[in-house]
Amino acid sequence: MKKKTCYITTPIYYASGNLHIGHLYTTTLAWTLANYKRLCGFEVKLLTGSDEHGQKIAQKAAAQNLSPQEFVDKISQTFLKLWKDFDLEFEYIRTTDKKHIKVVQEVFDYFLEQGLIYKDKYEGLYSVSDEEFLTKTQAVLKEDGKYYHPSSNHLLEYVSEESYFFKMSLFQEWLNEYIQTHPEWLAPEKSVNEIKNNFLNDLKDLSVTRTNVSWGIKVPNDTQHTIYVWLDALLNYISALNFSFKNSSSEFKKYWSEGDEIIQFLGKEIARFHFIYWPIFLKALNLRMPTRIQSHGWLITPTGKMSKSKGNTIDPYQLLEKYHPEMIKYFFASQIPLGDDGVFDEERLKAVINADLINNYGNLVSRTLKMKSNSFNKPLQYQETTNELDKEIDQAILLSENTFCNYFDKLEFDKAFAAVFSLSTKLNKYIDETKPWTLKDDLNRLEQILVRLLNGIYAVSTYLSTVMPKKMEEVSHSLGNMEFSLKNIKNFSKFDNIDTAEAFIFFKRLK
Ligand code: MSP
């Protein structure tokens, strides 16, 4: 049977400096979901990349005496290295890739031909750091008489130049209606409401070119104009699939036009671009809408949102020195309800790792394997019993899959993992209640308890393989090279002919 497909994207990060743990958070979420979808049998493509044009990047390059191209080449290498060091695998798009530039220019021409773009003059405010146009009513006027960005606080500059505009206003009604009739499409609701209240009653046409910025993609027949970075950047999601007007690639068909699911992640500060402009560009191109556009909250520190310009960022390498990458990824994927801000605090990271991974799950695996190898040197045979505790634990294992998948399907990562650790806790409690260490002389009874623990560990490990695939490979090895798959969770006889390792240590306790 043909596999269903799922295309998952992150924002493409500005190639303007080092990435911090906020970016790591987004990429980890997308990657974890990709692993989950694969576990469910989907064929998955995960995309991330770098946004390499614009005034801010040109300024940064100049400050280092590099050409913009040299600068972004260097930065994108550091991005790729970081993702590799965190064992995050995906496909990568750069907005300086030839295939991307071609798509952006073709789309611009198409919009012009369709009469969706017209030339006028832009007069107003612009934030170079956010690469965002703002009206005076959207901006904050401070005591110094200058205008600032309402959420990032960056100083806005006054811009007056010739510009092409995209007729956003033509699509206002369509977008409002589409949002209304597709309640699961944009999330979370609070971000959708914010966008609705602030922009959707009176959607302004969007300036889509700059004349005073040269580092970017040129308008094909009017090269004084550079295409606005956001129009450029948003199109990465389809240029990466080799979209083309004439002959769209098989990849584009497979993952976009004829694909089953398209799930896009982004931070809430860029929800406006992804909830309004991106769907409108897609609509104007007659392309289907993604299944879900999901905004998430910020990682914050005691000094507010973590951001490069505030200088309060945490370098992912700082954490990598002390923690296994899968500990860090587990923390980010499991601890923040999607859509909420999350305070990052290293003490909490440590506490969560110790509690969940080491005391709960790690202990469960090592205790079980030790008890098994102390009393048996053969595989354990599962049998149904009339013991109430056995029946309860079998039931808990059987039900866990539905609970885990239901939460994951709703992108409630935190609840999905909480359910996993609740099963792990139940398994530990089952050990405490059945006291296998007192049953050394009753091997029949002991066998039935231990085989249930193995089945429980199998279920928990299968779920954890979405975020800790490398460590779960080790666990799989010690479970007799048993492969983790959802289909096998309910088969309690899977260990009948498979012998397990004598001992296993998951992680050492963190001090
Ligand atoms: N280049 C644009 C996005 C274009 S997408 C077509 C951009 N780049 S960025 O480098 O500023 O990255 C923004 C994204 O990084 C956020 O949307 C979010 O996914 C992630 N994060 C950056 N800082 C973050 C936090 N402090 N907390 C959580 N996520 C953060 O905007």
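Please report the projected area of region 384-456's Cα convex hull averaged over all directions, in nm².
The orientation-averaged projected area of the Cα hull of region 384-456 comes to 4.8 nm².
Measuring from centroid to centroid over Cα atoms, what is the spacing of region 51-71 and region 116-182 in Å?
If we compute the Cα centre of each part, the gap is 24 Å.
For region 130-225, take every pair of Cα atoms, bin their distances at 5 Å starting from 0, and report each bin as a whole percent.
2, 10, 16, 17, 18, 16, 12, 6, 1
Rg and Dmax of region 1-67, Cα atoms, in Å?
16.4, 56
Could you pull out every residue, at least 5 positions away or on a different chain, whose amide H is within less than 5 Å of the one on Asp340? Hs are placed 1.01 Å off N in the peptide plane, and Pro or chain starts have none.
Placed amide hydrogens put Gly297 under 5 Å from Asp340.
Which distance in Å, rounded to a whole number, links the C-alpha centroids of region 280-311 and region 453-483?
33
Residue by residue, what Karplus-based ³J(HN,Hα) values in Hz, rounded to whole numbers, does region 42-55 have, using 6.51, -1.76 and 1.60 with θ = phi - 60° and x for Gly and Pro?
7, 8, 10, 10, 10, 10, 9, x, 10, 9, 10, 9, x, 5
Principal axis extents for region 294-405, Cα atoms only, whole Å, descending order, please.
In descending order, the Cα extents are 62, 31, 18 Å.
Between rounded, prolate and oblate, where does region 79-145 land on the alpha carbon gyration tensor, with a ≥ b ≥ c its root eigenvalues, rounded for a/c under 1.5, else prolate if a/b exceeds b/c?
It is oblate, given that a/c is not under 1.5 and a/b is not larger than b/c.
Hey, can you grab everything whose amide H is under 5 Å from the amide H of Thr5? Only 5+ residues off in sequence or another chain; H modelled, so Pro and N-termini drop out.
Amide H neighbours of Thr5, under 5 Å, 5+ apart: Glu43, Asp260, Glu261.
Is the C-alpha gyration tensor of region 147-192 telling us rounded, prolate or oblate? Criteria: a/c under 1.5 is rounded; beyond that, a/b larger than b/c is prolate, otherwise oblate.
Cα axes put region 147-192 in the oblate bin.
Quick one: P(r) of region 60-206 from all Cα-Cα pairs, 5 Å bins, percents rounded to integers, in order of increasing distance.
2, 7, 10, 12, 15, 18, 18, 12, 6, 1, 0
In whole Hz, what ³J(HN,Hα) sequence does region 458-463 give by Karplus (6.51, -1.76, 1.60; θ = phi - 60°), x for Gly and Pro?
4, 5, 4, 5, 4, 5
Viscosity 1.002 mPa s, temperature 20 °C: what is the translational diffusion coefficient of region 1-143 from Stokes-Einstein with a Kirkwood Rh over Cα pairs, rounded to a whole number of µm²/s?
The calculation lands on 119 µm²/s.
If you place +1 on the Cβ of every Lys and Arg and -1 on the Cβ of every Asp and Glu, how big does the dipole about the Cα centre of region 181-240 come out, in debye to the nearest 20?
160
Give me the three principal axis extents of region 452-511 from the C-alpha atoms, as integers in angstrom, largest value leading.
Between the extreme Cα coordinates on each principal axis of region 452-511 lie 39, 25, 17 Å.
I need Asp441, Asp222 ordered by Cβ neighbour count within 10 Å, fewest first. Walk me through the numbers on the way to the answer.
On the way: Asp441 8, Asp222 14.
Taking fewest neighbouring Cβ atoms as first place, the list is Asp441, Asp222.
Would you mind classifying region 153-312 by shape? Square roots of the alpha carbon gyration tensor eigenvalues, ordered a ≥ b ≥ c; an a/c under 1.5 is rounded, otherwise it is prolate if a/b is larger than b/c and oblate if not.
It comes out rounded by the Cα gyration axes.
Going by alpha carbons, how many degrees (0 to 90, nearest 10) lie between the helix axis of 363-375 and the longest principal axis of the chain?
Around 30 degrees separate the two axes.
As an exercise, identify the GluC sites (Glu not before Pro) in region 96-162 lying in DSSP coil whose Cβ has no more than 10 other Cβ atoms within 10 Å.
On the way: sites: Glu106, Glu113, Glu123, Glu131, Glu132, Glu143, Glu157, Glu161, Glu162; in loops: Glu131, Glu143.
Answer by residue number: Glu143.
Sum -39500 (n - 2.57) across every DSSP H segment of at least 4 residues in the chain, then divide by the residue count to get the 222 nm mean residue ellipticity, nearest 500.
-13000 deg cm²/dmol
Projected area of region 370-511, taken from the Cα convex hull and averaged over every viewing direction, in nm²?
8.9
Taking amide H positions as placed 1.01 Å from N in the peptide plane, with prolines and chain starts having none, which residues 5 or more places from Gly480, or on another chain, fall under 5 Å of its amide H?
Long-range HN contacts for Gly480: Ala501.
Can you divide the C-alpha Rg of region 333-374 by 2.2 N^0.38 Å and report the result to two decimal places?
Compactness ratio reported: 1.62.
Thinking of region 417-490 as a set of Cα atoms, what percent of all their pairs are more than 22 Å apart?
Across region 417-490, Cα pairs with separations above 22 Å total 28 percent.
Report the extension gain between Gln318 and His154 in nm, rounded to one decimal, defined as 0.36 nm multiplied by the number of residues separating them, less their alpha carbon distance.
56.3 nm is the gain from fully extending Gln318 to His154.
Applying 1/(1 + (r/R0)^6) with R0 = 45 Å to the Cβ-Cβ distance of Asn247 and Glu502, what FRET efficiency is obtained, to the nearest 0.05?
According to the calculation, E is roughly 0.15.
Calculate how large, on average over all directions, the projected area of the Cα convex hull of the chain is; give the answer in nm² to one decimal.
Average projection, Cα convex hull of the chain: 26.5 nm².
From the phi angles alone, apply the Karplus equation (6.51, -1.76, 1.60; θ = phi - 60°) to region 177-190 and give each ³J(HN,Hα) in whole Hz, x where the residue is Gly or Pro.
Result, ordered by residue: 5, 5, 4, 4, 8, 10, x, 8, 6, 10, 8, x, 4, 4 Hz.
Quick note: the coordinates plus some simple rules give every number you see, no bench work behind them. Nothing here was measured: the structure is a model prediction, and the numbers come from that model. Cβ coordinates were reconstructed from backbone atoms using ideal geometry, including for glycine residues, and neighbour counts include every protein chain displayed.
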